[in-house]
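> Quick one: this structure, given as structure tokens, is what I'll be asking you about.
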Amino acid sequence: MSSTKLAVVTLHDAAPRFSKRVFEYMDTFDNLKIKFNVGLVPFLRHTEDLPRYPEFVDKLKSYNRCEVALHGLYHEDRNGHMDDFHTITKARAEEELRAALEIFQEVGLRTEVFVPPQWKLGNGCKEVLKKLKFSLAEIQEEFLLLSVEPSRKIKAPKVLSWDLTGHPAQNVMRIGTENRRFRFLDGAKRKHKMIRIALHPRDPHKAINDQLTMISELRNEGYRFLRYRDLLLKLQDARYTLN
């Protein structure tokens, strides 16, 4: 199999509330000429219904190197409680996912990829995703390939992520940790052929230089940056692994 080194960069929590930071990241990725992904929240905090923000949606659509994935329904409610696809019932999961897809359809977006908040997904939700014709889900340390029968789990290295709390000032503690993990993954001891990087609008501002340095280094070292659709084609080959 190919020994090409792969990178998957995904901007999470994309929503109108964070539009300034979202498009700053996306402009930077575009200037670097890399392919990337965006985890879009269609109804953030039960208040930001995407059809009410046509300028945000139109700008999001204008990035040709970008692929949009579904990132929950509301991600967190008005009280800050997370959109939980790990423990909710299958019926509730189907209700939320159908509502999210209806919003996507209303604004002219389509996706077959689901990235649950916090990368947590219960077994009932997996059945619903397959029923609703999703092809791929990205979870904590694996990808779930839904486009084959039976569904298949592909182990992947833990994602680099700077947002654990939703508060930039509290997330500062992640800067040193993720820098060390990146150096290990990208160094002589690297055991995986993929590096995953997750960026969030609420990452600490001091982390941005580290994040962009990492992405630039990977690009300069010949890593191939994948949209989810590109990754899906690779994973559909039963012989392919990320270990």
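The values are calculated or read from the model by the stated rules, or taken from the named source; none is laboratory data. Keep in mind it's a predicted model, so treat the numbers as computed, not measured. Glycine gets a Cβ as well: all are built from the backbone with ideal geometry, and neighbour counts include every protein chain shown. Heavy atoms of the whole protein, side chains included, go into the accessibility calculation; ligands, DNA and RNA do not. Shrake-Rupley method; radii C 1.70, N 1.55, O 1.52, S 1.80 Å.
> I need the full set of residues from the range 55-85 which are in contact with a Gly (Cβ under 9 Å, 6 or more places away or on another chain) and small (G, A, S), in order please.
Answer for the range 55-85, where residues must be in contact with a Gly (Cβ under 9 Å, 6 or more places away or on another chain) and small (G, A, S): A69, G72, G80.
> If you take the residues in the range 73-89 that are within 16 Å of V41 (Cβ to Cβ) and hydrophobic (A, V, I, L, M, F, W, C), which one is surrounded by the fewest Cβ atoms within 10 Å (Cβ to Cβ)?
Residue satisfying both the conditions and the ranking: M82.
> For the range 2-24, what are the residues that are open to solvent by 10 Å² or more (accessible area, probe 1.4 Å) and in a helix (DSSP H, G or I)? Before the answer, list the steps.
Initial filter on the range 2-24 (open to solvent by 10 Å² or more (accessible area, probe 1.4 Å)): 2-5, 16-21, 23-24.
Matches in the range 2-24: P16, R17, F18, S19, K20, R21, F23, E24.
> Right, another one. Starting from the range 14-34, keep only residues that are of a type in the set (F, W, Y), then list their pairs with residues that are assigned to a helix (DSSP H, G or I) whose Cβ atoms are within a distance under 7 Å, requiring at least 6 positions of separation or different chains.
As it stands, the answer is F23/K59, since those pairs meet every condition given.
> Consider R65 carefully, then state whether it is without any contact (Cβ under 8 Å) to a residue 12 or more places away in the chain and within 16 Å of the chain's Cα centre (by Cα). Lay out the reasoning, then the answer.
On the way: without any contact (Cβ under 8 Å) to a residue 12 or more places away in the chain: no; within 16 Å of the chain's Cα centre (by Cα): yes.
So R65 fails the test.
> In addition: Looking at F43, is it touching a helix residue (DSSP H, G or I) at 6+ places or on another chain (Cβ under 9 Å), more than 17 Å from R202 (Cα to Cα) and open to solvent by less than 20 Å² (accessible area, probe 1.4 Å)? Please lay out each step first, then the result.
Numbers: touching a helix residue (DSSP H, G or I) at 6+ places or on another chain (Cβ under 9 Å): yes; more than 17 Å from R202 (Cα to Cα): yes; open to solvent by less than 20 Å² (accessible area, probe 1.4 Å): no.
Criteria not met by F43.
> Next up: Within the range 102-118, which residues are under 23 Å from V148 (Cα atoms) and surrounded by fewer than 20 Cβ atoms within 10 Å (Cβ to Cβ)?
Filtering the range 102-118 down to residues under 23 Å from V148 (Cα atoms) leaves 110-116.
Listed by number, the residues that qualify are R110, E112.
> For the condition part of a helix (DSSP H, G or I) and open to solvent by 30 Å² or more (accessible area, probe 1.4 Å), what is the one hit in E95, E149?
Criteria check complete, one pass: E95.
> From D49, D83, which residue is in contact with a helix residue (DSSP H, G or I) (Cβ under 6 Å, 6 or more places away or on another chain) and acidic (D, E)?
Values: D49 fails: in contact with a helix residue (DSSP H, G or I) (Cβ under 6 Å, 6 or more places away or on another chain).
Every option except D83 fails the conditions.
> Would it be correct to say that A207 is outside any strand (DSSP E or B), exposed (fewer than 15 other Cβ atoms within 10 Å of the Cβ) and either more than 20 Å from the chain's Cα centre (by Cα) or at pLDDT 85 or above (or both)? If you could, list the steps in order and put the result at the bottom.
On the way: outside any strand (DSSP E or B): yes; exposed (fewer than 15 other Cβ atoms within 10 Å of the Cβ): no; either more than 20 Å from the chain's Cα centre (by Cα) or at pLDDT 85 or above (or both): yes.
For A207, the condition - outside any strand (DSSP E or B), exposed (fewer than 15 other Cβ atoms within 10 Å of the Cβ) and either more than 20 Å from the chain's Cα centre (by Cα) or at pLDDT 85 or above (or both) - is not met.
> Let me ask you something else. For R229, all conditions in the list (1) at pLDDT 90 or above; (2) open to solvent by 10 Å² or more (accessible area, probe 1.4 Å); (3) assigned to a loop (DSSP other than H, G, I, E, B) hold save one; what is the number of the exception?
Among (1) at pLDDT 90 or above; (2) open to solvent by 10 Å² or more (accessible area, probe 1.4 Å); (3) assigned to a loop (DSSP other than H, G, I, E, B), R229 violates only (3).
> For R92, which of the numbered conditions (1) under 15 Å from R229 (Cα atoms); (2) basic (K, R); (3) over 20 Å from the mean Cα position of the chain (by Cα) fails to hold?
Of the numbered conditions (1) under 15 Å from R229 (Cα atoms); (2) basic (K, R); (3) over 20 Å from the mean Cα position of the chain (by Cα), the odd one out for R92 is (1).
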